[in-house]
Amino acid sequence: MIIRSMTAKFGVLNGESMQFKDGLNVIVRPNESGKSTWCAFIRCMLYGVDSSARARKGSLPDKTRFAPWSGTPMEGSMDLIDGEGREITLRRGTANPDRPMRQFSAVFTGTDIPVPELNGTNAGQILTGVTADVFSRSAFVGQGALSIINSPDLERQISSMVLTGEEDTSFDEAAGRLRTWRHKIAYNQKGMVPELEANMRDTQKKLEDLEQESERLRLLHVRSAQEEEKCRKLENAIASSRRQTRQQALENLQNSRRDLQTAQQEYDRLCVKHRADQAALSHSPISEGAPEQVLEQAKRDEAQARSLRRKSERRNSFLWCVLFLLLAAAAAFFGIRTGQRVYEVLGCLVAALAAALAVIFYRRNLRGERAHREYLRILQHYDAGSEKEIVHAAENYANLVAACSASRLEMQQAAEKLEKLRNYRDSIEKETLTELDFSGNGTESQQAAELQNQRQVLRRYGEAIAQTQGRMQALGDPMVLRSSLTTMEQRRRDLRETYEAMALALDVLTESDAEIHSRVSPKLAKCAADYMSVMTQGRYENLLISRDFSMKAARAEDLLPHSTQYLSAGTVDLLYIAVRLAVCTQALPSETGCPIILDDPFANLDEDRRGQAMKLLETLAADRQILLFTCR
């Protein structure tokens, strides 16, 4: 893969572009000009930005550290040529500030035809041939990050040099998983086998407890049945002696209740009848008074009403009063109109006579009206239509009073009878309770006390049976426990076989890993030693590289190699650069031509060694593109 050009809105970069060529590209920029930003931009364009990363002490995630200073969304493009020679343009943009560079497109340069196999997740791995983790630990050398830290991805990549080319194996991962599984199966008292054996002991203990409780329950049932038979015999004896007494007492009680019910019904009937008589009496026009007095008063009122009726028949003389008044007025008018003394006197006499007659008839009419109103009042008092009905109303009132008195007397007599029967019923009930109380002295009371004691014994046996059954239920079903115990025994055998198989697999894996590294490490160390010799002009020719990429170096005159703690900073940087370049040469796939990105790796080197390192880079640039960002 060859990067041709880039344009970025990324951190301090605000739409700036950069062009590259094949082979070695040396980009010389002063400090604070964005060299490290361009390096990070290349990685983010290939592999994207990890939006899940969080800030840690001393470092910021890329989404925060390289947010554009201008405030615009993070975006950029990259033109490149892949391992098959195709010209491709990658673009990444930001729609959500919390997920920068998530918008991705890969098209053939100069067209809008998408590259079908590339997406935002796999673009970097397909174009470079390695994962983001391997790329960051080999071909991407950030500022101040020359050292190599081993990882499962890098180990798989290096192992593929001597295997079939597959990159899905890692000794550390496989061995770690095997050890983890072994610990899960049997590790002190916390593994699966110790826990399973503890469960088996608990299950066996439960089965033994169930057998003991089952025998105890059988004995309790036998003794409980014996005590229950004793109770049954005592109950039959007591029931036989009480049955006759109870029957007679109940018959007496039922008879008294039946007589009381009959008396109650009769009393209720008389109460209804008395209320009906009272209602009829309340509807009578005569509301109070003794019947004899009312009857005598009715006779007097009848005579008075007859007399008043005759007087009221004369109240129609009011017309004569009006006629005489008109005659008096006419006579007076005639006498005055003629103007003659005689006629005047005669007219006055006639008028005076007519007026006197009018007054007489008027007073007679008034007396008739008063008599008529009094007549109507008397009839209304008796609710009668004529004076003949007055005595009949009084007689009816007398009959109602007599009926009401008779029903009241009958009701009182029935109430007295009812009270006597109620008292009798209460006395019968007390006698019945006394007769049915078998707690007194005698043979029956002794049998009852013995029965009560026997029932208490039986109740205690029942409680003991219930408690035993509860304990057995808590322990579980014995068939289920036996089945579970058998299953656990089989499970323990399987786990032990698995544990032994894992131990064997771990031994074989360790031997295989040792063989692989015996083939890989010398090759990688030889390549790194050659590079180190070139950059130091033969001063350091021997390198030792362990599986965790810790290194030792020896000069030509040294008998023993020295660790990096005894070397100068420049020499240590050369060691790491040599190993990095060796990993790129030996582990990265040659068909993709993954470019090498270097961010000022020669800061601690003098002029001579920097010149030798540049010569080495020129040699390696014949096979792959190298981008070197430096301030010198």
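A few comments on the model shown:
- Candidates THR619, THR564: the one that is among the polar types (S, T, N, Q) and modelled with pLDDT of 80 or more is THR619.
- Selection of the range 52-83 for residues being open to solvent by less than 70 Å² (accessible area, probe 1.4 Å) and hydroxyl-bearing (Ser, Thr, Tyr) yields SER59, SER70, THR72, SER77.
- Considered as a group, the residues in the range 247-264 that are open to solvent by less than 90 Å² (accessible area, probe 1.4 Å) and over 14 Å from GLU429 (Cβ atoms) include one that is nearest to the chain's Cα centre (by Cα), and that residue is GLN264.
Residue-wise test of (1) modelled with pLDDT of 80 or more; (2) open to solvent by less than 40 Å² (accessible area, probe 1.4 Å); (3) in a helix (DSSP H, G or I).
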site	(1), (2), (3)
ALA175	no, yes, yes
GLU195	yes, no, yes
THR203	yes, yes, yes
SER224	yes, yes, yes
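- One residue from ARG496, ARG482 being modelled with pLDDT under 85, open to solvent by 40 Å² or more (accessible area, probe 1.4 Å), within 46 Å of the chain's Cα centre (by Cα) and of a type outside the set (A, V, I, L, M): ARG496
- Any hit, the range 363-373, residues being at pLDDT 75 or above and either in contact with a His (Cβ under 6 Å, 6 or more places away or on another chain) or open to solvent by less than 60 Å² (accessible area, probe 1.4 Å) (or both): no
- Taking first residues from the range 47-69 that are without any contact (Cβ under 8 Å) to a residue 60 or more places away in the chain and partners that are of a type in the set (A, V, I, L, M, F, W, C) and part of a helix (DSSP H, G or I), the Cβ contacts under 9 Å between residues at least 6 apart in sequence or on separate chains come to ASP50/ALA132; ASP62/ALA40; ASP62/CYS44; ARG65/ALA40; PHE66/ALA40; PHE66/PHE41; PHE66/CYS44.
- Residue within the range 14-34 that is in a helix (DSSP H, G or I) and either of a type in the set (S, T, N, Q) or open to solvent by less than 20 Å² (accessible area, probe 1.4 Å) (or both) present: no
- Within the range 17-43, residues that are at negative phi and of a type in the set (Gly, Ala, Ser) sit with their Cβ atoms under 7 Å from residues that are at pLDDT 90 or above and surrounded by 19 or more Cβ atoms within 10 Å (Cβ to Cβ), at 6+ positions apart or across chains, in these pairs: SER17/MET6.
- Unique residue being surrounded by fewer than 17 Cβ atoms within 10 Å (Cβ to Cβ), farther than 22 Å from ASN14 by Cβ and in contact with a Ser or Thr (Cβ under 8 Å, 6 or more places away or on another chain) when the list is GLU87, GLU117: GLU87
Results for (1) under 60 Å from the mean Cα position of the chain (by Cα); (2) open to solvent by 10 Å² or more (accessible area, probe 1.4 Å); (3) free of Cβ contacts under 8 Å to residues at least 60 places away in the same chain, shown as yes or no for each residue.
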residue: ASP606; (1), (2), (3): no, yes, yes
residue: GLN612; (1), (2), (3): no, yes, no
residue: ALA621; (1), (2), (3): no, yes, no
residue: LEU627; (1), (2), (3): yes, no, no
residue: THR630; (1), (2), (3): no, yes, no
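- Within this structure, GLU208 passes the test of being open to solvent by 70 Å² or more (accessible area, probe 1.4 Å), within 19 Å of GLY470 (Cβ to Cβ) and not basic (Lys, Arg).
- When residues of the range 336-350 are limited to those that are open to solvent by less than 100 Å² (accessible area, probe 1.4 Å) and at pLDDT 75 or above, the one farthest from the chain's Cα centre (by Cα): LEU346
- Screening SER287 against (1) within 28 Å of HIS392 (Cα to Cα); (2) modelled with pLDDT of 70 or more leaves a single unmet condition, (2).
- If the condition is being open to solvent by 10 Å² or more (accessible area, probe 1.4 Å) and out of contact with any strand residue (DSSP E or B) (no Cβ under 6 Å at 6 or more places or on another chain), then the range 128-145 contributes GLY129, THR131, ALA132, ASP133, SER136, ARG137, GLY144, ALA145.
- Contact annotation: residue pairs with Cβ atoms under 9 Å, 6 or more positions apart or on different chains, pairing a residue in the range 124-143 that is at positive phi with a partner that is modelled with pLDDT under 85, are GLY129/LEU588; GLY129/PRO589; GLY129/SER590; GLY129/GLU591; GLY129/THR592; GLY129/GLY593.
- ALA414 over 30 Å from GLN304 (Cβ atoms) and either part of a helix (DSSP H, G or I) or open to solvent by 80 Å² or more (accessible area, probe 1.4 Å) (or both): yes
The values are calculated or read from the model by the stated rules, or taken from the named source; none is laboratory data. Computed from a predicted structure; not experimentally measured. Don't worry about glycine lacking a Cβ; one is built from the backbone with ideal geometry, like all the others, and counts go over all protein chains shown. When the accessible area is computed, the model is the full protein with side chains, heavy atoms only, and any ligands, DNA or RNA have been set aside. Shrake-Rupley method; radii C 1.70, N 1.55, O 1.52, S 1.80 Å.
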